[in-house]
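Notes follow once the structure below has been shown.
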C-alpha cells in the first residue's frame, strides 16, 4: 500500500547549551540572543519521535543532535504537520528563519 502524499514532517530539537562552544555553531548564529534556546530544525518522512531516536542512536544522525539533542519541541512544529514533501522542504527553511529572527541559535542540515 503506498504512503499518503502528506506524510512528511518538520521537527525541532532542543540542543544543550554546550553546543554554543562549537565554533561552527557559533559562526552560523551571530544573531543569537542570550537566553534564547539552541535548536536543530529538520524534516523527515518519519514520525518526529522516531527520527529523533535515530539521531540519538547515530543512524543518519546530525552530529549536533546526536551529541547535544535534549528533546523535541512539538509546540514549535506540530501545527505544520503532516504535509507533502515539497511543502516540508519549504517549511523547514522558513521555520529556521523565523526562529533565528526570534533570537534562537539554529542549525539546519
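Please treat every number below as a calculation from the coordinates, not as lab data. Note that this is a predicted model, so its numbers are computed, not measured. Backbone-built Cβ (ideal geometry, glycine too); neighbour counts: all protein chains shown.
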- Item | Residues of the stretch 70-108 satisfying the condition of being in contact with a helix residue (DSSP H, G or I) (Cβ under 9 Å, 6 or more places away or on another chain), loosely packed, with under 14 Cβ neighbours inside 10 Å and not in a helix (DSSP H, G or I) | 71
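Report the residue count in the stretch 36-56 for those that are touching a residue at least 24 places away in the same chain (Cβ under 8 Å) and surrounded by fewer than 19 Cβ atoms within 10 Å (Cβ to Cβ).
Qualifying residue count, the stretch 36-56: 5.
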